[in-house]
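These notes are about the structure you will find just below.
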Amino acid sequence: MVIRHHIYKVDQRVLIRSRDGGPFMPPSEGAKGALGVIAPQLFQEWAGTFLEREPDVPPEYYVTIDNGITETISEDWLEPAPPGSPPPPEESHPWPT
């Protein structure tokens with residue numbers, strides 16, 4: 001059993017899988033198959049405390065989908081956006097840059 005760490009970075013373009021993402025923190029039905037951007041994260045690792053993530057539980061991310069909605073989604077539901085994907089709409093960055 002391994003503690004998994006975040007692999008995606010803030011502002012990274014991602015594709016939300018349509019299926020086969022596992023049971024942890026799936027996206028809403030409307031977000032499946034959509035492109036999004038990793039939003040600033042407020043999650044902590046909490047290593048060594050009772051809040052530490054269970055082994056083999058994937059990290060979660062705030063993802064701002066191109067429709068402007070931000071969801072918490074498990075890493076297993078995400079993959080890097082394919083080459084040639086359109087850039088995110090400007091309004092998909094509701095946080096200060």
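The values are calculated or read from the model by the stated rules, or taken from the named source; none is laboratory data. Please read all numbers here as calculations on a predicted model, not as lab measurements. Cβ: placed from backbone, ideal geometry, glycine included. Neighbour counts: every protein chain shown.
Of the residues making up the range 23-75, those that are among the β-branched types (Val, Ile, Thr) and within 10 Å of the chain's Cα centre (by Cα) are Val37, Ile38, Val63, Thr64, Ile65, Thr70, Thr72, Ile73. Got a number for residues in the range 40-71 being of a type in the set (Val, Ile, Thr), in a loop (DSSP other than H, G, I, E, B) and closer than 18 Å to Ile16 by Cβ? Matching residues across the range 40-71 total 1.
Just so you know, in the range 21-39 the residues that are over 14 Å from Ile69 (Cα atoms) and touching a Phe, Trp or Tyr at 6+ places or on another chain (Cβ under 9 Å) include one that is surrounded by the fewest Cβ atoms within 10 Å (Cβ to Cβ), and it is Gly22. A search for C-beta distances below 6 Å between a residue of the range 42-69 that is exposed (fewer than 10 other Cβ atoms within 10 Å of the Cβ) and any residue that is modelled with pLDDT under 75 and not polar (S, T, N, Q), counting only pairs 6+ apart in sequence or on different chains, returns Pro55/Met1; Pro55/Ile3. Per this entry, Val37 is counted among residues that are assigned to a strand (DSSP E or B) and in contact (Cβ under 8 Å) with a residue 12 or more places away in the chain.
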